[in-house]
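The structure appears right after this line, and notes come after that.
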Amino acid sequence: MKKLVVVMELLTETIAEHSPSAYELDRKKPMPTLLHGAIQANLIVQVAINYPNQFRIASEVTLATKPDGSTPDLVLYPAGALDFKNDPSRRTDAPLLAVEIQSASQSTKDMVAKLEPYFYFGLQSCWIVVPELQAILVYDTPFHYTFFHENDMLKDTILNIEIPLAKVFA
């Protein structure tokens, strides 16, 4: 009987460890890691340094995409003043770009499935970052991408953005 109790406790702990957190349920994506956060910060810095006053870059902005909304890791809007009186919890205006950073628990299929809702919402470009490969796929439609990796210069021809990947994955 005592062994059964121990096994049940271990099983309960294992299930609890793998149960999605409120963060994961709300955003429909895995909890970020240090690697994820560092890449996200590096992208923010590179856009801010290379394109001052051209874009408003923000992280974790919830978009009113169909059917259930989405929260990309980063978005780029045209530069503009922040509206401190009107800050909706779900943006109905499409950003120019959404960036998704793949987590170890996400498949390529999971990442690609996010693209159509983004483009139908009105985004012009979408990047999928694959940390394991030190690569970024730049999509200009839900079905066409350009692959950049390692020491390539990322070139988003739609938004006219160039970023050295060596600084993103540093």
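How would region 25-170 be classified by its alpha-carbon gyration tensor: rounded, prolate or oblate, with rounded meaning a/c under 1.5 and the a/b versus b/c comparison settling the rest? The shape class here is rounded.
Remark: spin-label model distance Asp152-Lys167 equals 1.8 nm, labels positioned 7 Å along the Cα→Cβ axis.
According to the square roots a ≥ b ≥ c of the eigenvalues of the Cα gyration tensor, what is the shape class of region 35-112, taking rounded for a/c under 1.5, prolate for a/b larger than b/c otherwise, and oblate for the remainder? Can you show the working numbers first?
Values: a/c = 2.23, a/b = 1.17, b/c = 1.91.
Since a/c reaches 1.5 but b/c is at least a/b, the shape of region 35-112 is classed as oblate.
Residue separation of Asn160 and Asp140 scaled by 0.36 nm, minus their Cα-Cα distance, works out to 6.0 nm of gained length. Kindly identify region 105-170 as rounded, prolate or oblate by the Cα gyration tensor criterion: order the square roots of the eigenvalues as a ≥ b ≥ c, call it rounded if a/c is under 1.5, otherwise compare a/b with b/c, prolate if a/b is larger, else oblate. Note, shape of region 105-170 comes out oblate. Using a probe of 1.4 Å on the protein chains alone, the accessible area found for Ser70 is around 20 Å².
The values are calculated or read from the model by the stated rules, or taken from the named source; none is laboratory data. Treat the numbers as computed from the prediction; the structure is a model and nothing was measured. In this analysis, Cβ positions are derived from the backbone assuming ideal geometry, glycine residues included, and neighbour counts consider all displayed protein chains. Surface accessibility is based on the protein's heavy atoms, side chains included, excluding ligands, DNA and RNA. Shrake-Rupley method; radii C 1.70, N 1.55, O 1.52, S 1.80 Å.
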